[in-house]
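See structure below.
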Amino acid sequence: MKKILGTFTSILVAGALLSGCAAEESDGSVLKIGTDDTYPPFEFRDEANKLVGFEVDLAREIGEELGMEVEFVSTSWAGIFNGLNSKSYDVIMSATSITPSRLESYIFTDPHMTNGQVIVTRKGEASLTSPEELKGLQVGVQLETTADIAATKYNETTDFEILRFDEVIQTFSAMKAGHVDVIVADYAVAIDYVNKDPESYQLTEVMLTNEPIAITIRKEDTALRDKLNGALDSLREDGTLSDLSVKWLGDDYTTDIDTELNVAE
């Protein structure tokens, strides 16, 4: 899911088992995870301001497998890759899509969630069947995400207006208020919003890209990647990964993942 490189803006340390300064490197017993905590159902704050979500639970399960404490470093999406580069945390878990351009700068674990950019419309409106039907519409996306990239790419050949928002929740609020006609968003995010509010939103059959989600790691940290892959393998085998998907998304989107990238860049 998500997202392209941006400019570092702010880092706020928050979450479970919080200790020390975000700028310090891990000593090996703590796995520091950078995340944008405004992205349900992957990572977000509940009514009690507790960090929750699919990847939050997954990170804690990974910590259990590796015998490591998990520390979440909450940061805005725009600066999340710069935070990894500056070693403010060890990895990114923030619904991050694997893309060819990111593979030039980072390594990834094996994907743990299927994903692609899809189109969401208001409930009761005619469902779109092709990207060309975006013509003349106002299309909401989260700024500097792969949804933004995909919409921008299709905008080169189809004339529509792109409205960009800082947070994905703002795109859905804008559509409910009548300010945008459709939304381009990550598949899992779209499913979550449709499931929670089926009277307001509906999912179309248009899949613009295929970009599975994985944990992002600095290129030199191959040993950490291998450890994380081992933990993920164990969680797949014992059913934990699929159980978490069902818990947060209502179905299993963690098996039979199409790893062939089809990304608009």
**Message:** Nearest 500 deg cm²/dmol is fine: what mean residue ellipticity at 222 nm does the chain get from its DSSP H runs of n ≥ 4 alone, each adding -39,500 (n - 2.57), divided by its residue count?
**Reply:** -8500 deg cm²/dmol
**Asked** Can you pull the percent of Cα pairs in the chain with separation above 23 Å?
**Response** 49 percent
**Fill in**
Here the percent of antiparallel bridges among DSSP beta bridges lying wholly in the stretch 117-207, to the nearest 5, is 55 percent
**Complete:** With R₀ set to 30 angstrom, the calculated FRET efficiency between the beta-carbons of Lys176 and Glu47, to the nearest 0.05, is 0.90
**Request:** Among Glu65, Glu132, Glu43, rank each residue by its count of other Cβ atoms within 10 Å, from fewest to most, as a rough exposure measure.
**Result:** Glu132, Glu65, Glu43
**Fill in**
With x for Gly and Pro, the residue-by-residue ³J(HN,Hα) of the stretch 76-83, computed from phi through the Karplus equation 6.51 cos²θ - 1.76 cosθ + 1.60 at θ = phi - 60° and given in whole Hz, is 5, 4, 4, x, 5, 6, 5, x
**Proximal lysine pairs, the chain, alpha carbons under 17 Å, eight or more residues apart or interchain** = 12
**Item:** Additional length obtainable on full extension of the chain from Asp166 to Asp251, 0.36 nm per residue less Cα span
**Value:** 27.8 nm
**Request:** Compute the whole-percent fraction of alpha carbon pairs in the stretch 117-207 spaced more than 19 Å apart.
**Result:** 27 percent
**Request:** Within 10 Å of each residue's Cβ, count the other Cβ atoms and sort Val189, Val263, Val120 from fewest upward.
**Result:** Val263, Val120, Val189
**Prompt:** With r defined as the distance between the Cβ atoms of Ala223 and Thr259 and R0 fixed at 25 Å, what FRET efficiency is calculated, to the nearest 0.05?
**Reply:** 0.65
**Least to most buried among Phe81, Phe160, Phe42 (fewest other Cβ within 10 Å first)** = Phe160, Phe81, Phe42
**Asked** Over the chain, what is the percentage of antiparallel beta bridges among all DSSP beta bridges, to the nearest 5?
**Response** 60 percent
**Fill in**
Full extension between Glu125 and Glu237 adds, at 0.36 nm per residue less the Cα distance, a length in nm of 36.2 nm
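Bear in mind these aren't lab numbers, they're just calculated from the coordinates by the rules spelled out. Remember, predicted model here, so these are calculated numbers, not experimental data. Ideal geometry is used to build each Cβ from the backbone, glycine not excepted, and the neighbour counts take in all protein chains shown.
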